[in-house]
Amino acid sequence: MSNIKVSVHEGDFLELAVGSTVREALEALLSNKQRKQTVAAKINNEIVDFTTVLTADTVLTPVKTDDAEALDVLRHSAAHIMALAVREIFGENVKVAIGPAIENGFYYDFQRDEAFTPEDFEKIEARMEEIVRSGLPFTKTEMSSTDAVKKFGAEKEPFKTELIQELGRDTVSFYHVGEFTDLCKGPHVPNTSFIKAFKLLRVAGAYWRGDEKRDVLQRIYGTAFFDQKALKKYLNALEEAKRRDHRKLGKELELFTMQDEIGPGLILWQPKGAQLRRLIEDYWKEEHYKHDYELLYTPHIARQALWKTSGHLDFYSENMYSSMDIDEVQYQLKPMNCPFHIGVYNSGKRSYREFPIRWCELGTVYRYERAGALHGLMRVRGFTQDDAHIFVRPDQLEDEIFNILDLNLHILKTFGFGDYDIYLSTRPEKYVGSDSNWERATEALKLAMEKKGLDFEIDPGEGVFYGPKIDIKIKDQIGRSWQCSTIQVDFNLPERFQMTYVGKDNAEHQPIMIHRALMGSLERFIGVLIEHYAGVFPTWLAPVQVRIMNITDSQIDYSEKVYRQLRKVGFRVEKDVRNEKLNYKIREAQVAKTPYMLIIGDNEKADGTVTVRLRDGKNLPAMSIDDFIDKIRAEVVSERGY
Ligand SMILES: [Zn+2]
Ligand SMILES: [Zn+2]
């Protein structure tokens with residue numbers, strides 16, 4: 001038998017027989033200690049596991065437990081172990097589907113008549129623990145697809161059979177761990193003892209192949225790590241995210257509600273949520289006006305023909321709702337505001353002197369989202385974009401992008417987002433517009449970001465077909481990233497709508513259009529804000545800034561006077577003059593996360609003062625009402641900027 005040369009990168013090579021496995025190679029090439037930290041290996045950037053057979057000269061790069069890629073291998077392996085445990089406990093009544101690694105963990109889909117319960121989770125985890133401790137190896141075999149279909153047919157595993165038939169290969173590979181055999185291409189950890197820390201998290205319904213017409217399976221989610229400390233850290237972060245969940249806080253703080261009767265993905269803003277939204281909208285409008293934008297309002301529906309011209313019917317129809325008949329003409333709900341702003345542009349003759357034209361609108365759009373994809377405020381069917389369209393000459397593009405970034409980052413900063421990742425997406429394979437326009441526009445975006453001193457990453461080929469774009473992902477207080485702002489150059493719509501302006505040369509030219517949203521949508525942005533602040537809004541944004549509470553009935557009249565005075569100067573105030581104990585009133589105000597509680601007793605009434613209690617439990621000394629007004633005013637100015 002001939003030999004092959006195998007080495008660990010840049011190390012000495014070793015001669016091994018053809019057909020040796022990665023396991024054998026690494027046993028010979030690595031020390032014991034190194035091997036214990038090696039989960040898999042990379043060959044030409046592809047991750048393979050210890051079972052892989054070597055047939056040619058190979059350079060192996062060990063994948064160690066502290067490499068990012070190792071976690072995926074570990075988690076996918078944990079999915080097999082979970083399936084083995086489920087099989088051992090629940091027997092043949094459970095059918096197995098698929099079990100991949102996902103971001104932060106893994107899942108496995110099972111078909112079982114009864115629902116998995118928390119007690120089942122305990123049993124499964126306990127059995128997994130035993131499997132992990134016994135250090136069972138993952139081994140691999142291959143079989144012809146025909147035999148594999150027969151095997152799974154005999155075992156009455158319909159999902160596996162379907163997968164093999166769909167793969168359409170001559171042979172398929174199997175991995176075995178303990179008594180469980182799974183159709184899989186790997187890679188896995190060498191043996192189960194690598195899984196030092198794991199936890200099952202939840203169970204949810206999931207359609208087989210994501211198809212709503214197919215069987216609903218039970219998807220058990222879990223996570224796994226190489227050490228307990230990392231698992232604990234992750235579970236704490238999950239706990240913190242749960243505490244901040246905007247759906248939970250939205251309910252507790254009475255911000256918004258959704259009802260079946262209204263329809264999924266449609267938001268009802270309650271008074272406090274509506275107040276929060278108004279504060280954001282007012283600030284947004286004022287900032288735009290200061291930055292030379294003009295405000296537009298446009299309708300929610302338009303003739304279908306408009307959406308044909310814009311290209312939405314051809315390229316975006318799966319996101320649009322069906323048409324409605326009005327006087328025998330078809331109309332459709334708008335999924336975007338762009339064609340309306342173009343309508344305003346085309347309502348008159350435009351000259352180069354007017355440019356840049358900056359038009360903004362808080363425009364409500366409707367887009368179809370699958371029911372299963374809807375999520376609180378984050379993914380809805382009707383939402384309001386903080387939209388703007390800017391029309392420029394080619395020579396103005398760089399300066400204008402700079403202006404947009406400036407306003408964008410300024411607004412984000414006011415909401416407490418100072419940390420972000422920025423991406424520049426360049427020309428995709430399919431595109432409209434000339435190569436020279438694309439190059440010039442991409443260069444303009446780059447230069448504007450450099451001028452603003454921003455670090456950015458390039459996403460090659462990820463631009464939209466109509467132009468390059470900048471995406472900004474903001475980081476919240478606990479370090480999670482949220483895609484919010486997008487700035488997109490468009491060569492397509494000006495062409496489709498035959499937009500022109502008269503240039504200096506008196507000839508007609510085509511403007512460049514920029515689409516831009518800073519917050520993305522108000523719904524999503526407010527969802528992010530709720531989680532960012534954990535519902536503890538700064539005073540300028542708090543739907544209720546002050547709650548006045550009396551100690552006994554004898555201060556009702558004075559409480560009313562303070563209430564009137566604060567309302568008159570524009571503060572958002574509530575009063576609680578119920579016949580309840582003060583502690584009870586304070587607790588309620590704390591749950592509502594109201595920044596200021598004004599406590600009014602006989603002394604305050606006699607002195608014309610208020611005693612101020614903060615939501616963190618601190619008390620300030622009694623102060624005059626005017627001093628309190630000055631204090632809040634100063635605070636709002638420092639938070640909001642004016
Ligand atoms: Zn596998
Ligand atoms: Zn647009």
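The values are calculated or read from the model by the stated rules, or taken from the named source; none is laboratory data. Quick caveat: nothing in here was measured; it's all calculated off a predicted structure. Reconstructed Cβ throughout: ideal geometry from the backbone, glycine too, with neighbour counts over all protein chains shown. Ligands, DNA and RNA are stripped out before the accessible areas are found, and what is left, the full protein with its side chains, is counted by its heavy atoms. Shrake-Rupley method; radii C 1.70, N 1.55, O 1.52, S 1.80 Å.
Of the residues making up the range 520-528, not a single one is farther than 30 Å from SER481 by Cα and open to solvent by less than 20 Å² (accessible area, probe 1.4 Å). Among the residues examined, HIS188 does not qualify as under 30 Å from ASP66 (Cα atoms), within 16 Å of ligand 1 (Cβ to nearest atom) and open to solvent by 30 Å² or more (accessible area, probe 1.4 Å). For the range 143-172, the candidate set comprises residues that are within 14 Å of ligand 1 (Cβ to nearest atom) and under 35 Å from the mean Cα position of the chain (by Cα); within that set, the residue that is least open to solvent (accessible area, probe 1.4 Å) is LYS160.
Filtered by the rule that a residue be within 23 Å of THR384 (Cβ to Cβ) and in contact with a helix residue (DSSP H, G or I) (Cβ under 8 Å, 6 or more places away or on another chain), the range 318-337 gives MET320, SER323, TYR331, GLN332, LYS334, PRO335, MET336.
Among the residues of the range 334-373, those identified as in contact with a strand residue (DSSP E or B) (Cβ under 7 Å, 6 or more places away or on another chain), hydroxyl-bearing (Ser, Thr, Tyr) and either modelled with pLDDT under 95 or farther than 11 Å from THR298 by Cβ (or both) are TYR345, SER351, TYR352, TYR366. Do we find a residue being of a type outside the set (Val, Ile, Thr) and more than 30 Å from GLY433 (Cβ to Cβ) anywhere in the range 497-505? No, every residue in the range 497-505 fails to be of a type outside the set (Val, Ile, Thr) and more than 30 Å from GLY433 (Cβ to Cβ).
Within the range 195-221, the residues that satisfy the criterion of being basic (Lys, Arg), within 23 Å of the chain's Cα centre (by Cα) and open to solvent by 70 Å² or more (accessible area, probe 1.4 Å) are ARG202, ARG209. Residues in the range 111-132 that are buried (at least 16 other Cβ atoms within 10 Å of the Cβ) and closer than 15 Å to ASN93 by Cα: GLN111, PHE116, ASP120. The residue list GLN330, GLN385 contains one member that is open to solvent by less than 60 Å² (accessible area, probe 1.4 Å) and in a strand (DSSP E or B), which is GLN385.
Pairing each residue of the range 602-621 that is touching a residue at least 24 places away in the same chain (Cβ under 8 Å) with any residue that is part of a strand (DSSP E or B) and open to solvent by 80 Å² or more (accessible area, probe 1.4 Å), provided the two are 6+ apart or on different chains, yields C-beta distances under 8 Å for ARG613/ASN619. Could you list, in sequence order, all residues of the range 228-262 that are touching an Asp or Glu at 6+ places or on another chain (Cβ under 7 Å) and over 17 Å from TRP482 (Cβ atoms)? Within the range 228-262, no residue meets the criteria.
Checked against (1) modelled with pLDDT of 95 or more; (2) within 16 Å of ligand 2 (Cβ to nearest atom), PHE491 passes all but a single condition, namely (1).
Filter the range 27-48 for residues that are assigned to a loop (DSSP other than H, G, I, E, B) and on the phi < 0 side of the Ramachandran plot and give the result. Once the filter is applied, which keeps residues that are assigned to a loop (DSSP other than H, G, I, E, B) and on the phi < 0 side of the Ramachandran plot, the range 27-48 yields LEU30, SER31, GLN37. Checking the stated criteria, THR51 turns out to be out of contact with any Leu (no Cβ under 9 Å at 6 or more places or on another chain), among the hydroxyl-bearing types (Ser, Thr, Tyr) and assigned to a loop (DSSP other than H, G, I, E, B). Taken over the range 259-304, the criterion of being free of Cβ contacts under 8 Å to residues at least 24 places away in the same chain and of a type in the set (Gly, Ala, Ser) is satisfied by ALA274 alone. Residue check, GLN545 against (1) of a type in the set (S, T, N, Q); (2) over 15 Å from ALA274 (Cα atoms); (3) open to solvent by less than 10 Å² (accessible area, probe 1.4 Å), all met but one. Which one? Condition (2) is where GLN545 drops out. Residues in the range 592-622 that are among the hydrophobic types (A, V, I, L, M, F, W, C) and at pLDDT below 95: LEU620, ALA622. The residue pairs whose first member lies in the range 1-21 and is free of Cβ contacts under 8 Å to residues at least 60 places away in the same chain, whose second member is exposed (fewer than 12 other Cβ atoms within 10 Å of the Cβ) and of a type in the set (Val, Ile, Thr), and whose beta carbons are closer than 8 Å, counting only pairs six or more residues apart or on different chains, are ILE4/THR55; VAL18/THR55; GLY19/THR55.
In summary, strands (runs of 3 or more DSSP E) completely within the range 172-247 and bearing 2 or more residues that are of a type in the set (Val, Ile, Thr) occur at 216-225.
Each residue in the range 565-621 was checked for being outside any loop (DSSP other than H, G, I, E, B) and either closer than 21 Å to ASP553 by Cα or within 34 Å of the chain's Cα centre (by Cα) (or both), and 33 pass.
If the condition is being under 19 Å from ALA40 (Cα atoms), part of a strand (DSSP E or B), open to solvent by less than 30 Å² (accessible area, probe 1.4 Å) and β-branched (Val, Ile, Thr), then the range 63-110 contributes only VAL63. Right, GLU369: in contact (Cβ under 8 Å) with a residue 12 or more places away in the chain and part of a loop (DSSP other than H, G, I, E, B) or not? Spelling it out, GLU369 is indeed in contact (Cβ under 8 Å) with a residue 12 or more places away in the chain and part of a loop (DSSP other than H, G, I, E, B). Taken together, the criteria place SER347 among residues that are closer than 22 Å to GLN332 by Cα, free of Cβ contacts under 8 Å to residues at least 12 places away in the same chain and more than 27 Å from the chain's Cα centre (by Cα). Taken over the range 173-185, residues that are more than 10 Å from ligand 1 (Cβ to nearest atom) and free of Cβ contacts under 8 Å to residues at least 60 places away in the same chain amount to 2.
When the residues of the range 424-434 are filtered to those that are modelled with pLDDT of 90 or more and either over 18 Å from ASP471 (Cα atoms) or basic (Lys, Arg) (or both), the one that is surrounded by the most Cβ atoms within 10 Å (Cβ to Cβ) is ARG427. Listed by position, the strands (runs of 3 or more DSSP E) inside the range 450-511 whose residues that are among the small types (Gly, Ala, Ser) number at least 3 form an empty set. Select from the range 242-271 the residues that are open to solvent by 40 Å² or more (accessible area, probe 1.4 Å), under 20 Å from GLU588 (Cα atoms) and either in contact with a Lys or Arg (Cβ under 7 Å, 6 or more places away or on another chain) or among the small types (Gly, Ala, Ser) (or both) and list them in ascending order. Of everything in the range 242-271, just one residue is open to solvent by 40 Å² or more (accessible area, probe 1.4 Å), under 20 Å from GLU588 (Cα atoms) and either in contact with a Lys or Arg (Cβ under 7 Å, 6 or more places away or on another chain) or among the small types (Gly, Ala, Ser) (or both), namely GLU254.
Scanning the range 388-402 for residues that are farther than 17 Å from ASP455 by Cα and either in a strand (DSSP E or B) or open to solvent by 10 Å² or more (accessible area, probe 1.4 Å) (or both) yields a count of 10. The C-beta contact set for the range 135-148 (first residue away from ligand 2 (no atom under 16 Å from the Cβ), second residue open to solvent by 60 Å² or more (accessible area, probe 1.4 Å) and assigned to a strand (DSSP E or B), distance under 6 angstrom, 6+ apart or interchain) comprises GLU142/THR171; SER144/THR171.
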